[in-house]
Amino acid sequence: MKTYLILQTFGTFVASKIASCHEAESPTTVWNCCGQTFKKAPSIHKHVARTHDTDIQKLTKSTFEILLSLNEKEAASQQQSTEKEPVDIFSWIPDTSHITGDQLHNGPGEVLLLYCYCPLADPPLICAWQKTLCEKLQLTGKVRVATEGINGTVGGTKVATDLYIKAMCSHPIFKIMEKEDFKTSDGGAECFSNLRVGVYKEIVPMGVDPDALSYRLAGAHLEPEEFHKEVEALLSKGDSCNDTILLDCRNFYESKIGQFSQCLAPNIRKFSYFPDYVDQNLDLFRDKKVLMYCTGGIRCERGSAYLRSKDVCKDVYQLKGGIHKYMEQFPEGFYRGKLFVFDERYAISSNSDIISECRYCGSPWDQYQLCSTHFCCQLVLSCSACRQGGHTACCPTCQTKGQGEEPSATPTQREECECTDGRPRIPQDNN
């Protein structure tokens, strides 16, 4: 679609420069552009490609936004027409009469990661459908629904996840999704403790009202191949490159165990801190080209929109499909280490690099576990030897607090330890 639009826009731009020539015995076609006259098609094509690349990109983007708006209006119109009468969500549930219970419970499994930004007029209805669908397919995981779309990660058998993808792609609203929009990894229902489906204000919690900042303002999407070339060009310049920033918009504990080479990884604990981070570091991004990435792409949609709204960057791009899709195509590419995931696996990998270390002894280690102190939600990197030695907490404060501690029916204040006290809520990065 992207290549087709660029070619179409290029052709339209060239056609707009046509001026008929009547000086010859028979009329011929010439093109006038930038004060020059071109008598041959290859000449005008070369001129436009070299001189008007930015114009073509802007026109292509405008055309894409118009088409996207028309598709969204059509989807909204179809949704409104279906809401005139009570909707039977079971009509959106796939037939599983040919599937045995054993196929949904046993066998090879996988975990899906998905999101779709699209207007939803009735989030509770979609929420009810998702809950019914996942329960019937014996899927576990987390699904967030809002007026701006859907975001989820679910695990189950391969048979169950295939049926889930088919159900999503055949739904009247989510049929705009394609199979490649679902990121897959080895796993299953055991990767989640339960199933949680709910309606929220945002499908990814950035803390900014979607009505005030739309995902439509997101930066341009780069396919993994395009992003790889951009990073390659950045790395080839070494320290002399001062016009491009490779920005990791994930949390610090994610980038700690895996990241792109020479990236800027903000030391933030939550994505809701990202807007404040941008506000306090605007000079860092001023007049720069920014290449953003995250796990699966969804945080970049809102994050790049927020960064673009500040009108300080030269250009803002994002990795389509996130690290997940990049690792599929470039397992030994520029992303090194593990990819953090929000389930009980904690991480997946495509290479053997270990870029992090044990909190206690400093040896290479990248396997997270929860702090052993009750009600502390911090993750800790403690190697096998240190854990055997009793170092199972995230910091000395928790380690001391946890000694001889008995479980309580009600939690104390959460995240109250050295790990959070010593980290500024919004870090200040320098150029």
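Here is how the numbers come out for the structure above:
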| item | result |
| --- | --- |
| Single condition Ser382 does not satisfy, out of (1) buried (at least 18 other Cβ atoms within 10 Å of the Cβ); (2) closer than 16 Å to Ser185 by Cα; (3) free of Cβ contacts under 8 Å to residues at least 60 places away in the same chain | (2) |
| Residue tally, condition among the hydroxyl-bearing types (Ser, Thr, Tyr) and within 15 Å of the chain's Cα centre (by Cα), over segment 189-234 | 1 |
| Looking only at segment 302-319, and only at residues there that are open to solvent by less than 20 Å² (accessible area, probe 1.4 Å) and farther than 16 Å from Tyr335 by Cβ, the one that is farthest from the chain's Cα centre (by Cα) | Val312 |
| Selected residue [out of contact with any Gly (no Cβ under 6 Å at 6 or more places or on another chain), of a type outside the set (A, V, I, L, M) and surrounded by 18 or more Cβ atoms within 10 Å (Cβ to Cβ)] from Cys377, Cys361, Cys398 | Cys398 |
| Hits in segment 109-127 (condition: more than 18 Å from Lys179 (Cβ to Cβ) and open to solvent by 40 Å² or more (accessible area, probe 1.4 Å)) | Pro119, Ala121, Asp122, Pro124 |
| Given (1) out of contact with any Leu (no Cβ under 9 Å at 6 or more places or on another chain); (2) without any contact (Cβ under 8 Å) to a residue 60 or more places away in the chain; (3) within 15 Å of Lys256 (Cα to Cα), index of the condition Arg336 fails | (2) |
| Hey, Phe252 among the aromatic types (Phe, Trp, Tyr) and under 20 Å from Lys338 (Cβ atoms) or not | yes |
| Residue within segment 129-139 that is closer than 19 Å to Lys201 by Cα and open to solvent by less than 10 Å² (accessible area, probe 1.4 Å) present | yes |
| Number of positions in segment 266-295 that are open to solvent by 40 Å² or more (accessible area, probe 1.4 Å), at pLDDT 95 or above and not in a helix (DSSP H, G or I) | 3 |
| Any hit, segment 221-234, residues being closer than 20 Å to Asn151 by Cβ and open to solvent by 10 Å² or more (accessible area, probe 1.4 Å) | yes |
| Single residue of segment 331-348 satisfying the filter (open to solvent by 60 Å² or more (accessible area, probe 1.4 Å) and out of contact with any helix residue (DSSP H, G or I) (no Cβ under 8 Å at 6 or more places or on another chain)) that is nearest to Glu230 (Cα to Cα) | Glu332 |
| Selection count, segment 229-249, where residues are of a type outside the set (Val, Ile, Thr) and touching a helix residue (DSSP H, G or I) at 6+ places or on another chain (Cβ under 7 Å) | 4 |
| Whichever residue in segment 49-60 is of a type in the set (D, E, K, R) and under 14 Å from Thr12 (Cα atoms) and, among such residues, is least open to solvent (accessible area, probe 1.4 Å) | Asp55 |
| Residue match in segment 256-264 (condition: in contact with a Ser or Thr (Cβ under 7 Å, 6 or more places away or on another chain) and open to solvent by 50 Å² or more (accessible area, probe 1.4 Å)) | yes |
| Subset of segment 140-158 [among the polar types (S, T, N, Q) and surrounded by fewer than 21 Cβ atoms within 10 Å (Cβ to Cβ)] | Thr147 |
| Subset tally (residues that are part of a helix (DSSP H, G or I) and over 17 Å from the mean Cα position of the chain (by Cα)) for segment 240-252 | 1 |
| Some residue of segment 159-181 being buried (at least 21 other Cβ atoms within 10 Å of the Cβ), in contact with a strand residue (DSSP E or B) (Cβ under 6 Å, 6 or more places away or on another chain) and over 17 Å from Pro94 (Cα atoms) | no |
| Condition check for Lys237: closer than 30 Å to Thr140 by Cα and either assigned to a loop (DSSP other than H, G, I, E, B) or over 20 Å from the mean Cα position of the chain (by Cα) (or both) | no |
| Hey, Thr100 open to solvent by 60 Å² or more (accessible area, probe 1.4 Å), farther than 30 Å from Cys169 by Cβ and either modelled with pLDDT of 75 or more or not charged (D, E, K, R) (or both) or not | no |
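The values are calculated or read from the model by the stated rules, or taken from the named source; none is laboratory data. Keep in mind that what you see is a predicted model, and the values were worked out from it rather than measured. Cβ sites come from the backbone with ideal geometry, for glycine too, and all protein chains shown count toward neighbours. Keep in mind that these areas ignore ligands, DNA and RNA; they rest on the heavy atoms of the full protein, side chains included. Shrake-Rupley method; radii C 1.70, N 1.55, O 1.52, S 1.80 Å.
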